Structure formats: structure tokens, C-alpha cells
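Since the structure comes first, as C-alpha cells, the remarks are kept for the end.
The values are calculated or read from the model by the stated rules, or taken from the named source; none is laboratory data. Bear in mind that the values here come from a model prediction, so they are computed numbers and not experimental data. Every residue, glycine among them, receives a Cβ derived from its backbone with ideal geometry; neighbour counts consider all protein chains shown.
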Amino acid sequence: MDDRAKAELFENSPIPKAVMTMAIPTITSSLVMVVYNLADTYFVGMLNDPVQNAAVTLAAPVLLAFNAVNNLFGVGSSSMMSRALGQKKYDIVRSSSAFGFWCALCSGLLFSFLVTLFRGPLLTGLGADAVTAGATGEYLFWTVSCGAAPAILNVVMAYLVRSEGSSFHASIGTMSGCILNIILDPIFILPWGLDMGAAGAGCATFLSNCFACGYFFVLLFLKRKNTYVAISPKALRFERAIVLGVCAVGIPASIQNLLNVTGMTVLNNFTSAYGADAVAAMGIAQKVNMVPMQVALGFSQGIMPLISYNYGSGNSRRMKDVFFFSSRISLGISATVTLIYFFGAQGVVSLFMENPAIVAYGSRFLQGMCLGLPFLCMDFLAVGVFQSCGMGGKALAFAILRKIVLEIPALCILGSLFPLYGLAYAQFTAEVVLATAAVLVLARLFRGLEKRESPLA
């Protein structure tokens, strides 16, 4: 996409066309990522071994912690890049991308080292016991000890490529790895293949992320004369404006994901008291619920370059139109899926496990979790706007409100009042409050921007 096409998309294209051009590839790649996560759960579930399924669930907080790095350098750098594009500051665009890439690579390597060094205490903290520790440790070896760097780079490079409007290529890179993972899963996991169980799922994930990274390296090499994304060490500059610009958005986004990890760890520890069946069921319900969540997240991530660019160029009217169009579509989809999940929970969960106890647990969990989806989509969109505008503090405030003030206390209270099943309703309780707050804060933000840009102001 040349400079003229990029400017046309960001500045002049009809809102539905601009949003769909950016959002559909992002949503598609997000859904494919969910499918490959579900594939792990599905193929491991075919073993009909709760221990192997529990291993994937217990390790999930560590993999979710990758998102803290992804958001620090992916969200932070891409937001900085898109705002700089709107201001026509192309040197900052290049330097911001190089900063994000090299910091992500170093963070991935450090992640691998620390998880390998502190494996024992980590397994205990995740809620693994004598029964599940072995399988969980093997899964972590492939996904983290070996795979942290390619997993993080895969996501961060997609953010960098998407920031200049190349949403299609960003999605192709992500999806290529996901599709390969789905192909490799049965070969590595099942008895007729390598019979590695949960470890096989981890190995397939590692190889797939390496492949996706390879795609992005080839893409940037071929487009090196027609892209502002730079990953060469020569483009790396530790200028104060760049570091602060990336970190102002990235650090709050990173903390947000660390809080998500904390919440998931607390949930898994509560659930583990009820045995491997309950843990496996909770994992299935969480991953099934991730499908509509990724649609909402895809809309949020897809419109971020549009929001950032128009914020940088001072076009608040177009920002507002992009947000409201996206919210209508996202809310409609999430509400529809909520109805399907609530009334068809048992059928959905039974697709992944035939164990009657796990199906019974999982269907009740899914019914509680899905109620928060319409409210969650408003939270995602609002946080996306804050990150796009460089307002990391507002995004962080929402994250703290969600996990520390609302969701974790709700886990404790509801888990006590309604043993086990009350845990599934904690997120719904938090998101109702957050959605209300999001509407109020966004209304104030848009009014402030319009007033600032008015010639009478």
C-alpha cells in the first residue's frame, strides 16, 4: 500500500469501508488464533485424559503473560507509529517500529530464561499438584522455554505491520502460523502420531510461531522500499520522545494483561480445589468463550490505526464515527453469541470432551461466562480508543477497576456464596460496571476533543 492509498484509507474512505478493511482481516486472524487454541483443547481432549487437558489450562496464565510483552511493545509501538503517520513524522514511525521489535525480542529471550530457571515454584503458583505438574511442565517447556521469543515476535510484528494500514498482510502472517498449528496438533498429540499429549500441543505451537515469524521477516524484506516498518538495528534509537511515547501506552497495556494473568491464576487456583475434572472444564469454557471475545478484540485492534491516525491529524469527528459504527456491529455479534452459548452450552462443551462430569461442569461455567460478552465488547472498544490516543492512564484505570476492584473480589465472594459455579459469574459482574463507566468516559472524551478542535474554542 503506497502513501496515497494509506492516506485515502485513513482520511477519506467511507467509515464502513475503512473499518471493515482494517477490522475484518484482524478479526479473521483473531478467530483463527482462537481456533488453533481450541484445536489444542480439542485434540488433547480426544485423549480423554483430564490430566493432559488440565495441563493446558494450568499453563494458560503464563501464555497470557506473553500478552503483557505484546501490548508493551506491540500496542505501544503501533499506537506511536499510527499517530506519527497522521502527523507525517516518518522518521519517528521507523524508529518506533525498530524499538518495539528489538525490545520484544530481548523480552522473549528473558521470558524463556526466567521460566526455565524458576520452573518448580512457577508450577506450584499455577495451581499444579503432584498429578498435573509433570504434564504442565512438559507443555511449558515447548511453549515458553523454547517458544517465548517467536510467540511474542509473531504478535508484535503483526501490530507493527497493521499500524500502517497493512491489515491483510498482518493477518496472513498470524493465520499462517495458526493453520500450521492446527495441522500439526493431531500429528504431535494423538497416539497414531507422536503420542506426546499436552507436550505435543506445545511443540506444535512452537513450530507454528517460528513459521509465522518467518513470514513477517520475508514480507518486510520484500517490502523494504515501500514500508515504514523498520527492524534493522540501524533504525533503533533510544530517543526520549520515542521511548516515552511507546511506554506511555505500552506500560499500562502491559499491566492490564498482567492483571488478566493474575485474575486467571486466582480463578484456576479456586477451581483446582475441586479436582482435575473441574479445571479441565473451566479451561474448555474459557477457550470457547474466547471466540466472541476475539471478535470484539479484533474490532478494537482493527480500528486502532484509524483512531490513532485521525487523532494525530485532529479529525475527532471521524474518530467518533469509526467508534460508533464498530460498537454497533460488535454489540450485535456478541449479543447473538451470548444467546447461542447460554441455551446451547451443553452441546458446545460436549464437542471438546465426552467425559460426562466435565461436560456438566463446563456447560454451567459457559452459561455464566457468556453473560458478560456484550458488556465486555464495550470495554474492549473503549480501551482501544484510549490506547490509540496515547491515553494509557485511562486504559490502566479500567484494567485495575476490572481485576483488582471488581473481578477478583467477585471471585472470592461468589465462590464462597455459590461454591464452584459462582466463579463463572465474576467477569459478568465486573463488566456490567465497566461498560457503564466506558460509555460515560468516552462521551466526555469525544466532547472534549470536539471542543478543542472547534474554531470558537
May I ask you to list pairs of residues, at least six apart or on different chains, whose Cβ atoms are under 6 Å apart, with the first in segment 306-328 being within 26 Å of I92 (Cα to Cα) and touching a residue at least 40 places away in the same chain (Cβ under 8 Å) and the second being surrounded by fewer than 23 Cβ atoms within 10 Å (Cβ to Cβ) and basic (K, R)?
-> N310/R318
Starting from residues that are among the aliphatic types (A, V, I, L, M) and crowded, with 23+ Cβ neighbours inside 10 Å, keep the ones in segment 369-389 and report whichever is farthest from A430 (Cα to Cα).
-> V385
Within segment 117-146, residues being among the hydroxyl-bearing types (S, T, Y) and surrounded by fewer than 20 Cβ atoms within 10 Å (Cβ to Cβ) number 2
For G415: the one exception among (1) surrounded by fewer than 22 Cβ atoms within 10 Å (Cβ to Cβ); (2) within 30 Å of Y42 (Cβ to Cβ); (3) small (G, A, S); (4) at pLDDT 80 or above = (4)
Of the residues S363, S308, which is over 19 Å from L434 (Cα atoms), of a type in the set (G, A, S) and either over 21 Å from the mean Cα position of the chain (by Cα) or not in a helix (DSSP H, G or I) (or both)?
-> S363
Tabulated pairs, segment 434-445, first closer than 20 Å to A410 by Cα, second among the aromatic types (F, W, Y), C-beta under 6 angstrom, 6+ apart or interchain = A435/F375
Can you confirm whether segment 350-368 contains a residue that is aliphatic (A, V, I, L, M), surrounded by 23 or more Cβ atoms within 10 Å (Cβ to Cβ) and closer than 30 Å to N71 by Cα?
-> yes
Identify, please: which residue in segment 170-203 is aliphatic (A, V, I, L, M), without any contact (Cβ under 8 Å) to a residue 40 or more places away in the chain and assigned to a helix (DSSP H, G or I) and is, among those, nearest to M46 (Cα to Cα)?
-> I187
Return yes or no: is A281 crowded, with 19+ Cβ neighbours inside 10 Å, part of a helix (DSSP H, G or I), at pLDDT 75 or above and in contact with a helix residue (DSSP H, G or I) (Cβ under 8 Å, 6 or more places away or on another chain)?
-> yes
Before we move on, is G422 surrounded by 14 or more Cβ atoms within 10 Å (Cβ to Cβ) and at pLDDT below 80?
-> no
Scanning segment 127-169 for residues that are among the small types (G, A, S) and outside any helix (DSSP H, G or I) gives G127, A128, A130, G147, G165, S166
